[in-house]
Amino acid sequence: MFPWVLQDFKSDVLDLKDPKVYRDLSKPIGALNEKRLKDFIVRYNECPEGEKYLYGTHYSCPGYVIGFLVRQNPQWMIKFQGGKFDNPNRLFKGINKEWNSVNTNPGNVKELIPEFYMENSDFLLNKQKLDLGVRSNGKRVDDAKLPNWATSPEDFLKKNRAALESDYVSNNLHLWIDLIFGSK
């Protein structure tokens, strides 16, 4: 598991020297959106003692990993889903959609997988021409949609890697590590 380090997936140009393009690594995904965090806290306070929870899901699990890797390793999802692909509306469709979901959907607080920072872009491309279905909006699920600032899947991964290795992330990554693996 790796963190989302960027938060700008809409701009035409990505300026890695601008701190505003980076996610606040001092907060878990579920706390980045203040309104959603307030909703989580209300639910927490309404739960009976001994059954309280803030997030109803985890930041990583096998289903999330398989969902990100379905284009590269479809057999994993077919096995996981009992012989079929998941509902097309739930499949990983694109970077900006996923970022919006982890900031607004109360059932999505997932972080990323290491592949988002590696060189092999196969997990973003439907090279096998898999029939991943049609979403309720009539759009077929195919290659993962990239941000406008990415000229190709390889460029996206290269810029994501550069962001991970940036001064901003180097100076703040320990905060995220403490949230996930440490004392916070």
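Within the range 124-135, being farther than 22 Å from LEU14 by Cα and buried (at least 18 other Cβ atoms within 10 Å of the Cβ) holds for ASN126, LEU132.
Considering GLY63, GLY82, the condition of being more than 18 Å from the chain's Cα centre (by Cα) and among the small types (Gly, Ala, Ser) is satisfied by GLY82 alone. Of the residues in the range 105-121, none is surrounded by fewer than 18 Cβ atoms within 10 Å (Cβ to Cβ) and more than 19 Å from the chain's Cα centre (by Cα). Checked against the criteria, LEU157 does not count as crowded, with 18+ Cβ neighbours inside 10 Å and at pLDDT below 95.
Would you check which residues across the range 136-149 are surrounded by 14 or more Cβ atoms within 10 Å (Cβ to Cβ) and free of Cβ contacts under 8 Å to residues at least 60 places away in the same chain and list them? Passing the criteria: VAL141, ASP142, LYS145, LEU146. Sort out for me the helices (runs of 4 or more DSSP H) sitting completely within the range 46-135 that have 1 or more residues that are in contact (Cβ under 8 Å) with a residue 60 or more places away in the chain and either farther than 24 Å from GLN7 by Cβ or out of contact with any Ser or Thr (no Cβ under 8 Å at 6 or more places or on another chain) (or both). Where helices (runs of 4 or more DSSP H) fall fully within the range 46-135 and carry at least 1 residues being in contact (Cβ under 8 Å) with a residue 60 or more places away in the chain and either farther than 24 Å from GLN7 by Cβ or out of contact with any Ser or Thr (no Cβ under 8 Å at 6 or more places or on another chain) (or both), they are 95-104.
Does PHE40 meet the test of being surrounded by 13 or more Cβ atoms within 10 Å (Cβ to Cβ), in contact (Cβ under 8 Å) with a residue 12 or more places away in the chain, of a type outside the set (D, E, K, R) and farther than 29 Å from ALA150 by Cα? Yes, satisfied.
The values are calculated or read from the model by the stated rules, or taken from the named source; none is laboratory data. Quantities reported herein were computed from a predicted structural model and do not represent experimental measurements. Reconstructed Cβ throughout: ideal geometry from the backbone, glycine too, with neighbour counts over all protein chains shown.
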